[in-house]
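Worksheet: one structure, shown below.
Any read-out appearing in this document is the output of simple, stated calculations on the displayed coordinates, not a laboratory observation. Note that this is a predicted model, so its numbers are computed, not measured. With ideal geometry, Cβ positions are generated from the backbone for all residues, glycine too; neighbour counts draw on all protein chains shown.
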Amino acid sequence: MAVNFIHSFAALCYLALWGFTGTSDATRVPPPHSTMKPGFPLPINTSNPGVRKAARFGVYRYNNSSNDLFLFKESQINKAMVQIVRGLKYMLHVEIGRTECEKREHSSLDSCHFQREKNLQQMLRCYFEVWITPWLHKVYVPIALCH
């Protein structure tokens, strides 16, 4: 019985060690002398495809909660940070502008141009927090503040 326990314990230790050494660079723990902490928000390039996708989700959330007749879309992403916490949490500072597309048209934002009529033009500065859990195909936008 003791031999079975020892073999089981050795197998468990091997699996635990294999799991730690087999991690990818994206999730590896930094060395002890590093100032980076696991789960700590880090700056990320504003042209990163994940950032752009997260910004679009933030805009969708804004459009769904606003009473404006027209759709808004992202004009410029000014600052982006990402944090690895049960998925990816993006923290974004984004400028959005009113488009020529009316909400009732349900147009794709990619085909919507910004307003050309001076009196209808409007730009807003927004802060979005977007949580993306890719393996569950879930997106949650808990914060969408625009002014």
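General observations
- When restricted to residues that are in contact with a His (Cβ under 8 Å, 6 or more places away or on another chain) and either free of Cβ contacts under 8 Å to residues at least 24 places away in the same chain or crowded, with 17+ Cβ neighbours inside 10 Å (or both), region 37-87 contains 2.
- Taken over region 60-99, the criterion of being part of a loop (DSSP other than H, G, I, E, B) and polar (S, T, N, Q) is satisfied by SER66, ASN67.
- Condition check for LEU88: among the hydrophobic types (A, V, I, L, M, F, W, C) and either over 17 Å from the mean Cα position of the chain (by Cα) or over 19 Å from TYR140 (Cα atoms) (or both): no
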